[in-house]
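Right, one structure below, let's go through it.
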Amino acid sequence: MLENWVVVPTCLPTVLRRCHACASGRFRANGKFRVNANHKLLDVWLLVRCTGCGDTAKLTILERVNVRSVRLELLDRLHENDPGLAAELLADPSVLRRNHASLDWEGAWRLSVGSPCHQDFRDVSVHFAARIPVRPVRLIAEGCGLSRAEVERLIEEGKVVSAVRLRGKVSGDFTFTLKR
């Protein structure tokens, strides 16, 4: 029988970027956008607040784009400060690259496991609701109620097998089999 686990975001991740006002390098996004129009050109930023000094910084989303080229639905979501749109844009690698930023998902996700099952053999499918980089060893340990060292030992013994590499981080769906 196949169990389904889901990695679900609980809030927006911390944005890692250098603060120009203090030594902190961590910002929190609250889903607010700033939209500025200059004649027919549009600039859009996602506002983030430094966790150290409280200074506001802007992550560039659109820069000098013709207003007519922006979909009306997107423009409405920007004006409504849609937190779902903020999450989508923070997950976009091109936005992060353009703003010299990265994300820290620590404490911003949870693992949703059905009912805890204590069988000797289980097939598990792990689905990611968002691109959250997590170590599979951590997910298996949390989902099965084991320590990470015990999961590492089970991998070494060949009792946890998967088509994906279980060492390192993954952010896409995978399956694994646990044999005790």
Roughly how many Å² of Lys159 are accessible to a 1.4 Å probe, to the nearest 10?
80 Å²
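For a test of understanding, tell me how many lysine pairs in the chain have Cα atoms under 30 Å apart, given they are 8 or more places apart or on different chains.
Close lysine pairs found across the chain: 8.
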Cα shape, the range 76-180, gyration tensor, a/c 1.5 rule:
prolate
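With a cut-off of 8 Å between alpha carbons and a minimum separation of six or more residues, what is the relative contact order of the chain in percent? Can you show the working numbers first?
Numbers: 327 pairs, mean separation 45.7, N = 180.
Relative contact order for the chain comes out at 25 percent.
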Rounding to the nearest 20 debye, state how big the charge dipole of the chain is about its Cα centre with +1 on each Lys and Arg Cβ and -1 on each Asp and Glu Cβ.
600 debye
Could you compute the FRET efficiency for Leu75 and Glu157, with r as their C-beta to C-beta distance and R0 at 45 Å, rounded to 0.05?
0.20
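Of the DSSP beta bridges with both residues in the chain, give the percent that are antiparallel, rounding to the nearest 5.
Looking only at bridges with both residues in the chain, the antiparallel portion is about 85 percent.
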Percent relative contact order for the range 81-180, counting Cα pairs under 8 Å at least six residues apart, stands at 31 percent
Under a point spin-label approximation (7 Å from Cα along Cα-to-Cβ), what is the Asp43-Leu111 distance to one decimal in nm?
4.5 nm
Equivalent ellipsoid semi-axes for the range 41-97, as square roots of 5 times the alpha carbon gyration tensor eigenvalues: give them largest first, rounded to whole Å.
21, 13, 12
Report, in whole Å, the centroid distance computed from the Cα atoms of the range 67-95 and the range 103-180.
32 Å
Placing unit charges on C-beta atoms (Lys and Arg positive, Asp and Glu negative, everything else neutral), compute the dipole magnitude of the range 88-153 about its Cα centre in debye, rounded to 20.
160 debye
Rounded to the nearest 10 Å², what accessible area does Ser69 show when all protein chains are kept and the probe is 1.4 Å?
80 Å²
Gain in span if fully extended, Lys32 to Met1, counting 0.36 nm per residue against the direct Cα distance
6.8 nm
I need the shape label for the range 1-62. Rule: rounded when a/c is under 1.5, else prolate if a/b > b/c, else oblate, with a, b, c from the alpha carbon gyration tensor.
oblate
Report the label-to-label distance for Asp82 and Thr177 in nanometres (one decimal), using points 7 Å from each Cα along the Cα→Cβ vector.
4.3 nm
Mean projected area in nm² (Cα convex hull; one quarter of hull surface) for the range 128-180
3.4 nm²
Limiting things to C-alpha atoms, what are the Rg and the maximum Cα-Cα separation (Dmax) for the chain, in angstroms?
20.3, 67
Length gained if Cys11 through Thr51 is fully extended, taking 0.36 nm per residue and subtracting the Cα-Cα distance, is 12.9 nm
Residues of the range 131-152 with amide N under 14 Å of the 7 Å Cα→Cβ point at Asp123
none
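The values are calculated or read from the model by the stated rules, or taken from the named source; none is laboratory data. Nothing here was measured: the structure is a model prediction, and the numbers come from that model. Reconstructed Cβ throughout: ideal geometry from the backbone, glycine too, with neighbour counts over all protein chains shown. With ligands, DNA and RNA removed, areas are computed over all heavy atoms of the protein, side chains included. Shrake-Rupley method; radii C 1.70, N 1.55, O 1.52, S 1.80 Å.
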